[in-house]
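A quick write-up on the structure given underneath.
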Amino acid sequence: MPQLGQLRCPCCALPTPQGERCGGCLQHPPGFDSTIAAWAYDWPLDRLIPAYKYGAELALAKPLAEGLILNAKSAPRPDLLLAMPLHPTRLQERGFNQSQLLADLLAKALRVPVRYDVVERIKLTPPQASLPRDARRTAIRQAFRVREAVSGMHIALVDDVMTTGASLDELAKTLKQAGASRIDCWVIARTTN
């Protein structure tokens, strides 16, 4: 699988010359504190993840999760795993939430609780992949609501791919406004540009 390399921003996992925080995270600190990404979003993942996510190739969930499990084993243990929620309309269209399937596998392997009723997506947005970079932050603004107490909690957000990080950033900010103390992003793949 395509490797990200060891030198990357500890916050967003973008490759950096010396593993320092990238300029983007310094200029506009995201709501999340760190990111673990198993691989770079390149061939063959740029084919496998869409097949899993949009083509319902659910057998891919386990091998995709295994790389993330290996990377997350040495990470500080969160109090809770949360999957990136889908809007009910999108969930009905797709028939499953790909991030929930990944979170289930991570929770079982790492013995971390996972919940699906803590946050919800309340705004139906176009798929982020269909939007230009600049439009992603605007589209996702105020898209989430916290339904359960998270005060003082260390939470890991599970998602398939981090591109701009706009969705994860917005969800992290929403959780921190509700009192979460630390938010980590755990993703299968990270784009590198």
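The values are calculated or read from the model by the stated rules, or taken from the named source; none is laboratory data. Since this is a predicted model, take the numbers as computed values, not measurements. Cβ coordinates were reconstructed from backbone atoms using ideal geometry, including for glycine residues, and neighbour counts include every protein chain displayed.
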Restricting to segment 173-193, count the residues that are touching an Asp or Glu at 6+ places or on another chain (Cβ under 8 Å) and modelled with pLDDT of 95 or more. 8
Taking the criterion of being over 25 Å from TYR41 (Cα atoms) and either under 15 Å from the mean Cα position of the chain (by Cα) or of a type in the set (A, V, I, L, M, F, W, C) (or both), would at least one residue in segment 168-177 satisfy it? yes
Tell me, please, whether a residue that is modelled with pLDDT of 95 or more, aromatic (Phe, Trp, Tyr), within 25 Å of ALA143 (Cα to Cα) and not in a helix (DSSP H, G or I) can be found in segment 107-117. no
Residue identified as touching a strand residue (DSSP E or B) at 6+ places or on another chain (Cβ under 6 Å), in a helix (DSSP H, G or I) and surrounded by 16 or more Cβ atoms within 10 Å (Cβ to Cβ) among LEU48, LEU64, LEU82, LEU60: LEU64
State all residues of segment 170-193 that are without any contact (Cβ under 8 Å) to a residue 40 or more places away in the chain and part of a helix (DSSP H, G or I); if no residue qualifies, say none. GLN177
Which of the residues belonging to segment 9-28 are in contact (Cβ under 8 Å) with a residue 40 or more places away in the chain and either β-branched (Val, Ile, Thr) or outside any loop (DSSP other than H, G, I, E, B) (or both)? PRO15
Taking the condition surrounded by fewer than 16 Cβ atoms within 10 Å (Cβ to Cβ), within 19 Å of PRO30 (Cβ to Cβ) and modelled with pLDDT under 90, does ARG137 pass? no
